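Participant: Before I ask anything, here is the structure I am working with.
The values are calculated or read from the model by the stated rules, or taken from the named source; none is laboratory data. Note that the structure is predicted; figures quoted are calculated from it, not measured. Here the Cβ positions follow ideal geometry from the backbone for every residue, glycine too, while neighbour counts run over all protein chains shown.
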Amino acid sequence: MLSLPSWKCPEWTLNASQVNTSSPEFIEEWQKRIRELQGAVMVASCVQILVGFSGLIGFLLHFIGPLTIAPTISLVALPLFDSAGNDAGIHWGISFLTVFLIVLFSQYLRNIAVPVPVYGREKKCHTSKFYLFQVFPVLLALCISWLFCFVLTVTNTFPVAPTAYGYQARTDTKSNVLSQAPWFRFPYPGQWGLPTVSLAGVFGIIAGVISSMVESVGDYYACARLVGAPPPPKHAINRGIGIEGLGCLLAGAWGTGNGTTSYSENVGALGITRFCTSSCSQILPFWPRLDHRGKDEVGVSQLTLCSEASSGKRLWDATETRM
């Protein structure tokens, strides 16, 4: 949408070194684009809400199959190769190091347990097994790569000249961002002004919404298959698409510049980490989980498919699917 000639950036904004980002003229240039995107996202999200909560997506499942989902997800993902290649091309050595560490942690060290100190009511302070490489392979790889870049930056191994290859791999190239950012900021609806709506923008975002809905259906089934759960029923898919549309509506109102949807890359992360338990968002991953019934084993990936009594207490004879 923003690639249309009417939204082409003015010539005086192309040279970043000569632009005063705090000037009212520059602020208005980017805020009016955000307002246009806001309006298009909010209108298009109403279409997704209607399709989801009306049950239409459940009816369309008769026509949405692997031959429909696979090309859609591929077409959505293919444009990301340019961004990934450009970002990785900043320094191919660091990029390959990060990929190597992710593969090493997620595929070869995943079953190695790391002893960590924990505290429990019965055993008080003791050590317990934590599958660190299984739960945090991506995060660990990123942290190690960043620390490696930090060492190379401090020792000036990376070039100091901004135009030299490898300069962007330095950890101090954007250090001023932290000093300039406010400590607290509270976003609110309409923070960039009153959203604007154009026909071209709305139809462009609706096309993205349609592909997003098809992709989300594939993500739902992929998640269910990865965790060993049964395929999601139609009413669950209807609710999921409707809630995604509601999230897009709120995102448009707040002016985030994007919508909300299920992310295929997160499904891939689920397959890498094999960590999909709902309790990880309620209990710290290094804390002994009560549903292990005294086992000193934490951080093991599992999806608990169980029933609860009317009091909310978990039934111990429920089935657990371990990944």
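Participant: If you go through the range 186-196 one residue at a time, do you hit one that is among the hydrophobic types (A, V, I, L, M, F, W, C), closer than 30 Å to Val267 by Cβ and touching a residue at least 40 places away in the same chain (Cβ under 8 Å)? Spell out the reasoning first.
Facilitator: Of the residues in the range 186-196, the ones among the hydrophobic types (A, V, I, L, M, F, W, C) are 186, 192, 194.
With closer than 30 Å to Val267 by Cβ added as a condition, the list becomes none.
Checked against the condition, which is being among the hydrophobic types (A, V, I, L, M, F, W, C), closer than 30 Å to Val267 by Cβ and touching a residue at least 40 places away in the same chain (Cβ under 8 Å), the range 186-196 yields no hits at all.
Participant: Going through the range 20-56 one residue at a time, which ones are in contact with a Phe, Trp or Tyr (Cβ under 6 Å, 6 or more places away or on another chain) and of a type outside the set (Lys, Arg)?
Facilitator: Answer for the range 20-56, where residues must be in contact with a Phe, Trp or Tyr (Cβ under 6 Å, 6 or more places away or on another chain) and of a type outside the set (Lys, Arg): Gln31, Ile34.
Participant: Need the failing condition index for Pro79 against (1) exposed (fewer than 11 other Cβ atoms within 10 Å of the Cβ); (2) at pLDDT 90 or above, just the number.
Facilitator: Unmet for Pro79, out of (1) exposed (fewer than 11 other Cβ atoms within 10 Å of the Cβ); (2) at pLDDT 90 or above: (2).
Participant: Same structure again: Can we say Ser128 is of a type in the set (Gly, Ala, Ser), out of contact with any helix residue (DSSP H, G or I) (no Cβ under 9 Å at 6 or more places or on another chain) and within 30 Å of Pro233 (Cα to Cα)?
Facilitator: Here the answer is no, as Ser128 does not meet what is asked.
Participant: Same structure, new question: Do you know which of the residues in the range 205-250 that are closer than 17 Å to Ile64 by Cβ and outside any helix (DSSP H, G or I) is farthest from the chain's Cα centre (by Cα)?
Facilitator: Pro233
Participant: Give the residue, chosen from Ala229, Ala224, Ala207, that is exposed (fewer than 13 other Cβ atoms within 10 Å of the Cβ), within 25 Å of Tyr263 (Cβ to Cβ) and either in contact with a strand residue (DSSP E or B) (Cβ under 8 Å, 6 or more places away or on another chain) or modelled with pLDDT under 90 (or both).
Facilitator: Exactly one residue qualifies, and that residue is Ala207.
Participant: Something else: Within the range 177-204, take every residue that is assigned to a helix (DSSP H, G or I) and modelled with pLDDT of 85 or more and give me the one that is surrounded by the most Cβ atoms within 10 Å (Cβ to Cβ).
Facilitator: That would be Gly201.
Participant: So which pairs qualify, if the first residue must be in the range 160-175 and surrounded by 10 or more Cβ atoms within 10 Å (Cβ to Cβ), the second must be among the small types (Gly, Ala, Ser), the Cβ gap must be under 7 Å, and the two must be at least 6 apart or on different chains?
Facilitator: Listed pairs, sorted by first residue: Tyr167/Ala161.
Participant: All but one of (1) aromatic (Phe, Trp, Tyr); (2) surrounded by 11 or more Cβ atoms within 10 Å (Cβ to Cβ); (3) assigned to a loop (DSSP other than H, G, I, E, B) hold for Tyr119; which doesn't?
Facilitator: So Tyr119 meets the others, but not (3).
Participant: Moving on to the next point. Taking the residues in the range 232-255 that are surrounded by fewer than 18 Cβ atoms within 10 Å (Cβ to Cβ) and not hydrophobic (A, V, I, L, M, F, W, C) as candidates, determine which candidate is nearest to Pro189 (Cα to Cα).
Facilitator: Gly247
Participant: Going by the conditions given, is Ser22 outside any helix (DSSP H, G or I) and either within 14 Å of Thr196 (Cα to Cα) or out of contact with any Lys or Arg (no Cβ under 8 Å at 6 or more places or on another chain) (or both)?
Facilitator: Spelling it out, Ser22 is indeed outside any helix (DSSP H, G or I) and either within 14 Å of Thr196 (Cα to Cα) or out of contact with any Lys or Arg (no Cβ under 8 Å at 6 or more places or on another chain) (or both).
Participant: Let me ask you something else. Quick check on the range 257-280: of everything there that is assigned to a loop (DSSP other than H, G, I, E, B) and buried (at least 17 other Cβ atoms within 10 Å of the Cβ), which residue is modelled with the lowest pLDDT? Can you show your working first?
Facilitator: Residues of the range 257-280 assigned to a loop (DSSP other than H, G, I, E, B): 257-263, 274-277.
The next check asks that each one be buried (at least 17 other Cβ atoms within 10 Å of the Cβ); those that pass are 259-262, 274-277.
Values: Gly259: 86, Thr260: 87, Thr261: 87, Ser262: 85, Arg274: 62, Phe275: 60, Cys276: 58, Thr277: 54.
Once the filter is applied, the top-ranked residue is Thr277.
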